[in-house]
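Below is one structure; the comments refer to it alone.
Each value in this text was obtained by applying a stated rule to the coordinates, not by laboratory testing. Given the structure is predicted, the values throughout are model-derived calculations rather than measurements. For neighbour counting, all protein chains shown are included, and Cβ atoms are generated from backbone atoms with ideal geometry for every residue, glycine included.
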Amino acid sequence: MLEANAILAINSLDRYITGNVTNTSIFTAYWANNATQLTYIYQLYQTPPVVGSIIFNTPGIVDETKITAFDGVTVTIDTPTFAAINPPLGEIVTQEKTVSAAAQPVPNVLYSLFNNAPPYSNSFNIQSPGALIYGYIKKIIVSQVAVQYNIPTITTRNGILAIQKAGQSVPSFINIPYGFYYGSELAALVQVELGNDGIMADLGIEVTYSSVSGFTFTATTGGPTGFFFPGIASLQIRLTIEEKSSLLPVLLKTYLVFGMSILNTNPEREQVSTLDPVFLYTPYLDICSDALTNYQTVKDTTSSASKVSSLIARVYLAGSGQVQTTTATDSLGCRPFQLVADLNNPKVIKWSPDVAVPSLDFKVYDQYSDLIVSSQEVLDPVTDTYVGEGSNTEFQMTLLCVEGRD
């Protein structure tokens, strides 16, 4: 007998429907010096003056001057102008107003996505003015999970390739730009980067990719001993204590992309992948929520060294739910893809009948028990400039809230 239930549909983008959003617009006006009133000039495709807005970046008006009234012609401001502006066609006034995102939830989602705004999809809360669901609920069932996978082939976490010329005491570190790559594209890019390296350029290394043999690095010039990919012990000698914990995992994850292992640590003129190259950064996503698992008696766990708790779904990115076509040149992880996981054995979460669901927290982890790569990592932390393409991996989830009255 099926139990009565209500659907609670979750969308990770709903993290943007709370908080505030700032709207910026312009209008045209003219005014006298030391005036607290502007004369509005109607212009097509411009926004009329908005009461409560703040004026900035406008000649003759002090930044953060506030619009206090507007009657259709006269704009009243709270700070006198410091210069007369009366050109023939008026002056452009820039205004901005911060409003509650709840008043315009859909535009706020679009604005936030465009601006690459926090919170990012790997750790966020969904807050509701009232209860998301309220009723005599005894359990919550995770029914379906849809994922838009947007973690690039190369990220800030696997974008440095260590390679060493025989006879050299230190390796070269080849930086690979953040982004999605087919195997052949990645091979061509690394070949160019090796040619630009002051040490490795002498070997004239050619890089090719095959879906059968993986990556092949071939020295076309230089000495007979060639080059190699330095092993862990060799790398540890060259890294500082801080780099051993931060940079070494990046180097080893990059080796995985190219299929390099300890079998590639001896100098040769040709190095071929000894592992299967891995373009998919993580084979699964662990979606966790402390709020949803708060009333569980038996706590979740995993076999990983750093135990991930509060697990509500592990979504495998390959299998029956995967819809990305793979070919000899296009592997899973070479481009974004979408999947829907219909859970044959869904998680059943114990819930307290006396408790409503006012807000939900979510964290999404990768196979290394780290929060997944988000679009925040596209920004250089020092210069605040974009270092590559990238967007958040988003998800939607259907929860069945089973009533406890029967």
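If you run the Gaussian network model on the chain, springs between alpha carbon atoms under 10 Å, then out of T155, T265, T74 the most flexible one is T74. From most to least packed by mean Cβ count within 10 Å, the peptides 210-216, 279-285 give 279-285, 210-216. Apply the Debye scattering formula to the chain, with a single equal point scatterer on each alpha-carbon and no solvent, then give log10 I(q)/I(0) at q = 0.06, 0.10, 0.14, 0.15 Å⁻¹. Evaluating at q = 0.06, 0.10, 0.14, 0.15 Å⁻¹ gives log10 I(q)/I(0) of -0.40, -0.86, -1.14, -1.24. Rounded to two decimal places and with Rh computed the Kirkwood way over Cα pairs, what is Rg over Rh for region 160-272? My calculation puts Rg/Rh at 0.94.
When the alpha-carbon atoms of region 173-238 are used, the pair Rg, Dmax equals 12.9, 35 angstrom. Loop-resident GluC sites (Glu not before Pro) (DSSP state other than H, G, I, E or B) in region 63-166 with no more than 14 further Cβ atoms inside 10 Å of their Cβ: E64.
From the largest down, region 258-318 spans 60, 22, 13 angstrom on the principal axes of its Cα atoms. Going down the list K139/K299; K253/K350; K139/K363; K138/K299; K244/K299, which pairs span over 26 Å between their C-alpha atoms? With Cα atoms farther than 26 Å apart: K253/K350; K244/K299. Kirkwood-type hydrodynamic radius, region 22-102: 12.4 Å, calculated from all non-identical alpha-carbon pairs. When the chain is modelled as a GNM with alpha-carbon springs shorter than 10 Å, which of N86, N150, N122 fluctuates the most? Top of the fluctuation ranking is N86.
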